[in-house]
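Undergrad: I have a structure here, written as structure tokens, and I will follow up with some questions on it.
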Amino acid sequence: MDSRQIVIGSGPAGVSCAQALLAQGRRVLMLDGGARLEPENAAKLAQLSETPPATWKGNATAWMREGMQAAVEGIPLKLTYGSDYPFRAMPGAPLIVGEGINTKFSLGKGGLSTVWGTSVLPFRQHDMHGWPVTADDLAPHYSALLGFMPVAQVSDALEEILPTYGPGVPMPLSAQATALLKTLESNASGLRKRGVLFGRSRLAINAAGVDAKGPCVRCGLCMYGCPYQLLYSTGHTVDRMIANPNFEYAPGHVVQRIEESLAGVRLHTTTNSGALQVIQGERAFVGAGVLATTALMLRSLDAYDQPVTLRESHYFLLPMLRLAAVPGFQRGDLHTLAQLFIEIMDETITPDTIHLQTYTYNDLFEEPIAHKLGAASKVFPWQAFLSRLFLFQGFMHSDVSPTTAAHLERSGTSDVLKLAATLKPETKVILNKLVAKLTRLFPQTGLLPLLPLMREGEPGRGFHTGSSFPMSAEPTGFESDLLGRPAGLSRIHVVDSSVLPSIPATTITFTVMANAHRIGTLVGGGEI
Ligand SMILES: Cc1cc2nc3c(=O)[nH]c(=O)nc-3n(C[C@H](O)[C@H](O)[C@H](O)COP(=O)(O)OP(=O)(O)OC[C@H]3O[C@@H](n4cnc5c(N)ncnc54)[C@H](O)[C@@H]3O)c2cc1C
Ligand code: SF4
């Protein structure tokens, strides 16, 4: 039997697991959908990255913005470099249909980390309900991730509850964020008494531009893709891992089914050409992203028509207005990802942390506002308004967020993963209490919520979803053991968010990666 460890997926889960297996001296074959940016856009990107923004003439970056329109509800589909390649179907792609849910899966190289917002925070032990793995168990793995993923961060008050696990170079703050941070800092003790801790955002961005064309030049294009490729995607790490003789990357494979025997695993894949192939290895590590993994595992277990439950961290957008204008506000000269993080810990609202990310000016704000104003937009005091506008993106714990039932149904010679979301009444109650609290905090923050413009994300829309095969110390049914093996399997390990028992609010991916790295380290090191 082939002694290779087969990792499925080049997203954050697959790459973190592969890195750990390689560090344990194992041979790794990574099978991946592996879709990539179209050559025409890749060529335009290469050209743009060779030149500083001051020399970008006229419409030099217009191609990157194509297809990205914002509405008051947010961005319908976040693209990257003007392309939807991360979401494109391929031969053998799973069929997934949803009711009351709006989500997507990726077959791209780098998975959803090609379009993510790069916010990275660990989970607090306090919020890890039902986890058989502790924050201390994950700690060395969060640190190890910083060896290959750059994180722009500083150690500030957030460190008390959310460790940084290593050094970083912070991203520059915008003028608006600098003004807000000053206000928050001058009221820090009052905010703390009210259960509010804040700090600078932590972003998976190569702020210093080490080994890249950077550093960050504050061109404000982050939402469309960085011309200097400073926003971290796990695809970057795959490109580096290829130099390791123990690593092999095989794009163009969509895994259909995994079988295990006493000797090893057999993976049935559909290749780019539509041909079928069988690949053998010692063990399989499934990091296909929660939706594709759930379909693949239910099929591999022959578990048709048997429901599993997906949990998610509910997502909402709340614009806030600062009464005082921000001197020095400029539309250019800033990055446009999260600037500040604010954590709300108030048991009168909900027992778990609510996570808020603050965004300042971004050109995507202008179109929906202009649309609402109609003809009045010509005389609207844009500068005065935009310099006061802050967009808060919030996340809540999965215990108080919608859930989604998933089951695999046969459909002719193939099958379909059917999803149906269920809302929870307490979600709205908690949101209302939160908005009331944020309004009362006006003396400490200088901000007032623009309640009529608040929008809740549809289920699935926040992409912080998992839990179909949750880890348990004593697994039953579809639950997984501490090494991500569901339903009594011994050589097939699920390493993505599918195995997280619950989803705290403080951003999912850093912990998905730490847990995948933990499983790769333990299995690769022979601790099974
Ligand atoms: C717009 C957006 C913004 C986000 N912002 C943030 C954020 O700021 N912070 C945060 O923590 N999270 C964020 N997320 C979520 C984050 O992107 C995901 O949590 C993360 O990418 C999940 O990693 P993964 O490796 O489990 O899956 P994915 O990233 O989905 O990767 C799946 C991989 O598996 C491969 N694959 C899939 N099926 C198969 C198959 N059958 N055979 C072979 N290969 C397969 C794909 O090619 C891909 O490489 C965001 C997501 C989106 C869409
Ligand atoms: S502002 Fe954003 S897009 Fe521009 S260089 Fe910095 S990280 Fe890249």
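The values are calculated or read from the model by the stated rules, or taken from the named source; none is laboratory data. Model, not experiment: these values are computed from the prediction. Every residue, glycine as well, gets a Cβ built from its backbone with ideal geometry; the counts of neighbours run over all protein chains shown.
Undergrad: Restricting to the stretch 361-371, what's the tally of residues that are among the aliphatic types (A, V, I, L, M) and either under 26 Å from GLU343 (Cβ atoms) or outside the structural domain of PHE329 (by TED's automatic domain parsing) (or both)? Even if it seems obvious, please write down each step before you answer.
TA: Initial filter on the stretch 361-371 (among the aliphatic types (A, V, I, L, M)): 364, 369-370.
Remaining after also requiring either under 26 Å from GLU343 (Cβ atoms) or outside the structural domain of PHE329 (by TED's automatic domain parsing) (or both): 364.
Of the residues in the stretch 361-371, 1 are among the aliphatic types (A, V, I, L, M) and either under 26 Å from GLU343 (Cβ atoms) or outside the structural domain of PHE329 (by TED's automatic domain parsing) (or both).
Yes/no matrix, rows are residues, columns are (1) farther than 16 Å from ASN246 by Cβ; (2) assigned to a loop (DSSP other than H, G, I, E, B); (3) assigned by TED's automatic domain parsing to the domain that holds VAL238:
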site	(1), (2), (3)
VAL7	no, no, yes
GLN19	no, no, yes
ALA42	yes, no, no
ALA46	yes, no, no
LYS57	yes, yes, no
ALA60	yes, yes, no
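Undergrad: Right, next: Looking at (1) modelled with pLDDT under 95; (2) surrounded by fewer than 18 Cβ atoms within 10 Å (Cβ to Cβ), which one does ASN362 not meet, given that it meets all the others?
TA: The one condition ASN362 does not meet is (2).
One line per residue, one yes/no per condition, for (1) outside any strand (DSSP E or B); (2) under 30 Å from CYS219 (Cβ atoms):
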residue	(1), (2)
ALA93	yes, no
ILE96	no, no
ILE101	yes, no
PRO132	yes, no
SER143	yes, no
LEU158	yes, yes
LEU162	yes, yes
GLY166	yes, yes
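Undergrad: Could you say which residue among ALA179, ALA204, ALA250 is in contact (Cβ under 8 Å) with a residue 12 or more places away in the chain and within 16 Å of ligand 2 (Cβ to nearest atom)? Before the answer, list the steps.
TA: Numbers: ALA179 fails: within 16 Å of ligand 2 (Cβ to nearest atom); ALA250 fails: within 16 Å of ligand 2 (Cβ to nearest atom).
So the residue among ALA179, ALA204, ALA250 that is in contact (Cβ under 8 Å) with a residue 12 or more places away in the chain and within 16 Å of ligand 2 (Cβ to nearest atom) is ALA204.
Undergrad: I'm trying to understand the selection: among the residues of the stretch 334-344, which are assigned to a loop (DSSP other than H, G, I, E, B) and more than 9 Å from ligand 2 (Cβ to nearest atom)?
TA: Of all residues in the stretch 334-344, those assigned to a loop (DSSP other than H, G, I, E, B) come to 335-339.
Within the stretch 334-344, ALA338, GLN339 qualify.
Undergrad: Now for a separate question. Picking from ALA13, ALA35, ALA46, ALA42, which residue would you name as being surrounded by fewer than 21 Cβ atoms within 10 Å (Cβ to Cβ), away from ligand 2 (no atom under 16 Å from the Cβ) and not acidic (Asp, Glu)? Outline the logic, then answer.
TA: Working: ALA13 fails: surrounded by fewer than 21 Cβ atoms within 10 Å (Cβ to Cβ); ALA35 fails: surrounded by fewer than 21 Cβ atoms within 10 Å (Cβ to Cβ); ALA46 fails: away from ligand 2 (no atom under 16 Å from the Cβ).
One residue alone meets the criteria, ALA42.
Undergrad: Can you find a residue in the stretch 391-410 that is assigned by TED's automatic domain parsing to the domain that holds MET223 and of a type in the set (Lys, Arg)?
TA: Checked against the condition, which is being assigned by TED's automatic domain parsing to the domain that holds MET223 and of a type in the set (Lys, Arg), the stretch 391-410 yields no hits at all.
Undergrad: Can you work out which of the residues in the stretch 116-137 that are within 16 Å of ligand 2 (Cβ to nearest atom) and crowded, with 24+ Cβ neighbours inside 10 Å is nearest to GLY287 (Cα to Cα)? Lay out the reasoning, then the answer.
TA: Restricting attention to the stretch 116-137, the residues satisfying the condition of being within 16 Å of ligand 2 (Cβ to nearest atom) are 116-120.
Adding the requirement that they be crowded, with 24+ Cβ neighbours inside 10 Å leaves 116, 118, 120.
Values: TRP116: 17, THR118: 19, VAL120: 19 Å.
Step by step, filter the stretch 116-137, then rank; the result is TRP116.
Undergrad: Could you grab me the full set of residues in the stretch 1-55 that are farther than 18 Å from HIS517 by Cβ and touching a Cys at 6+ places or on another chain (Cβ under 8 Å)?
TA: Within the stretch 1-55, just PRO53 meets the criteria.
Undergrad: Moving on. Determine if the stretch 400-413 includes at least one residue that is in a helix (DSSP H, G or I), at pLDDT 95 or above and surrounded by 15 or more Cβ atoms within 10 Å (Cβ to Cβ).
TA: Within the stretch 400-413, the first condition is being in a helix (DSSP H, G or I), and the residues that meet it are 400.
Restricting the remaining residues to those that are at pLDDT 95 or above gives 400.
If we keep only those that are surrounded by 15 or more Cβ atoms within 10 Å (Cβ to Cβ) too, we end up with 400.
The answer is yes; a qualifying residue exists.
Undergrad: Turning to a different aspect of this structure: When the stretch 49-71 is examined, which residues are found to be within 16 Å of ligand 2 (Cβ to nearest atom), of a type outside the set (D, E, K, R) and surrounded by 13 or more Cβ atoms within 10 Å (Cβ to Cβ)?
TA: SER49, THR51, PRO53, TRP56, ALA60, THR61, TRP63, MET64, MET68
Undergrad: Might you let me know whether the stretch 372-382 holds any residue that is of a type outside the set (Gly, Ala, Ser), assigned by TED's automatic domain parsing to the domain that holds PHE198 and touching a strand residue (DSSP E or B) at 6+ places or on another chain (Cβ under 9 Å)?
TA: At the first step, the residues of the stretch 372-382 found to be of a type outside the set (Gly, Ala, Ser) are 372-373, 378-382.
With the extra rule that they be assigned by TED's automatic domain parsing to the domain that holds PHE198, the set shrinks to 372-373, 378-382.
From what is left, the residues that are touching a strand residue (DSSP E or B) at 6+ places or on another chain (Cβ under 9 Å) are none.
Within the stretch 372-382, none of the residues are of a type outside the set (Gly, Ala, Ser), assigned by TED's automatic domain parsing to the domain that holds PHE198 and touching a strand residue (DSSP E or B) at 6+ places or on another chain (Cβ under 9 Å).
Undergrad: Report, by residue number, each residue of the stretch 306-346 that is closer than 27 Å to MET471 by Cβ and hydrophobic (A, V, I, L, M, F, W, C).
TA: Of the residues in the stretch 306-346, the ones closer than 27 Å to MET471 by Cβ are 306-315, 341, 343, 345.
Within the stretch 306-346, VAL308, LEU310, PHE341, MET345 meet the criteria.
Undergrad: Next up: Can we say ALA42 is on the phi < 0 side of the Ramachandran plot and in contact with a helix residue (DSSP H, G or I) (Cβ under 7 Å, 6 or more places away or on another chain)?
TA: On the way: on the phi < 0 side of the Ramachandran plot: yes; in contact with a helix residue (DSSP H, G or I) (Cβ under 7 Å, 6 or more places away or on another chain): no.
Answer is no for this residue.
Undergrad: Between a first residue in the stretch 135-149 that is closer than 14 Å to ALA13 by Cβ and a second residue that is among the charged types (D, E, K, R), which pairs have beta carbons less than 6 Å apart while being 6 or more apart in sequence or on different chains?
TA: Listed by first residue and then by second, the contacts come to HIS141/ARG518.
Undergrad: Give me a count of the residues in the stretch 194-240 that are over 21 Å from GLN153 (Cβ atoms), in a loop (DSSP other than H, G, I, E, B) and within 16 Å of ligand 1 (Cβ to nearest atom).
TA: 2
Undergrad: Same structure, new question: Of the residues that make up the stretch 173-193, is at least one surrounded by 21 or more Cβ atoms within 10 Å (Cβ to Cβ), within 16 Å of ligand 1 (Cβ to nearest atom) and outside any helix (DSSP H, G or I)?
TA: Within the stretch 173-193, none of the residues are surrounded by 21 or more Cβ atoms within 10 Å (Cβ to Cβ), within 16 Å of ligand 1 (Cβ to nearest atom) and outside any helix (DSSP H, G or I).
Undergrad: Let me ask something additional. Consider THR439 carefully, then state whether it is touching a Leu at 6+ places or on another chain (Cβ under 7 Å) and crowded, with 17+ Cβ neighbours inside 10 Å. It would help to see each step written out before you state the result.
TA: Numbers: touching a Leu at 6+ places or on another chain (Cβ under 7 Å): yes; crowded, with 17+ Cβ neighbours inside 10 Å: no.
No: the conditions fail for THR439.
Undergrad: While we're on this one: For the condition within 14 Å of ligand 1 (Cβ to nearest atom) and more than 30 Å from THR183 (Cβ to Cβ), what is the one hit in ALA295, ALA275, ALA338? Can you show your working first?
TA: Details: ALA275 fails: within 14 Å of ligand 1 (Cβ to nearest atom); ALA338 fails: more than 30 Å from THR183 (Cβ to Cβ).
Just a single option satisfies the conditions, and that option is ALA295.
Undergrad: Scanning for something crowded, with 20+ Cβ neighbours inside 10 Å, closer than 27 Å to GLY147 by Cα and outside the structural domain of LEU203 (by TED's automatic domain parsing), does the stretch 295-309 turn up at least one residue?
TA: no
Undergrad: Considering each residue of the stretch 92-133, count those that are hydroxyl-bearing (Ser, Thr, Tyr) and over 22 Å from MET149 (Cβ atoms), and give that number.
TA: Of the residues in the stretch 92-133, the ones hydroxyl-bearing (Ser, Thr, Tyr) are 103, 106, 113-114, 118-119.
Now drop any that are not over 22 Å from MET149 (Cβ atoms), which leaves 103.
Within the stretch 92-133, residues that are hydroxyl-bearing (Ser, Thr, Tyr) and over 22 Å from MET149 (Cβ atoms) number 1.
Undergrad: For LEU162, all conditions in the list (1) out of contact with any helix residue (DSSP H, G or I) (no Cβ under 9 Å at 6 or more places or on another chain); (2) under 19 Å from SER233 (Cα atoms) hold save one; what is the number of the exception?
TA: (2)
Undergrad: Could you list, in sequence order, all residues of the stretch 67-81 that are under 23 Å from GLY457 (Cα atoms) and either among the hydrophobic types (A, V, I, L, M, F, W, C) or at pLDDT 85 or above (or both)? Quick ask: steps written out before the conclusion?
TA: Step one: of the stretch 67-81, the residues under 23 Å from GLY457 (Cα atoms) are 67-80.
Correct list: MET68, ALA70, ALA71, VAL72, ILE75, LEU77, LYS78, LEU79, THR80.
Undergrad: Exactly one of these conditions fails for PRO381: (1) over 26 Å from PHE442 (Cα atoms); (2) free of Cβ contacts under 8 Å to residues at least 12 places away in the same chain. Give me its number.
TA: (1)
Undergrad: Moving to a separate point now. Is it true that some residue in the stretch 469-483 is under 24 Å from the mean Cα position of the chain (by Cα), within 16 Å of SER300 (Cα to Cα) and in a loop (DSSP other than H, G, I, E, B)?
TA: Looking through the stretch 469-483, at least one residue is under 24 Å from the mean Cα position of the chain (by Cα), within 16 Å of SER300 (Cα to Cα) and in a loop (DSSP other than H, G, I, E, B).
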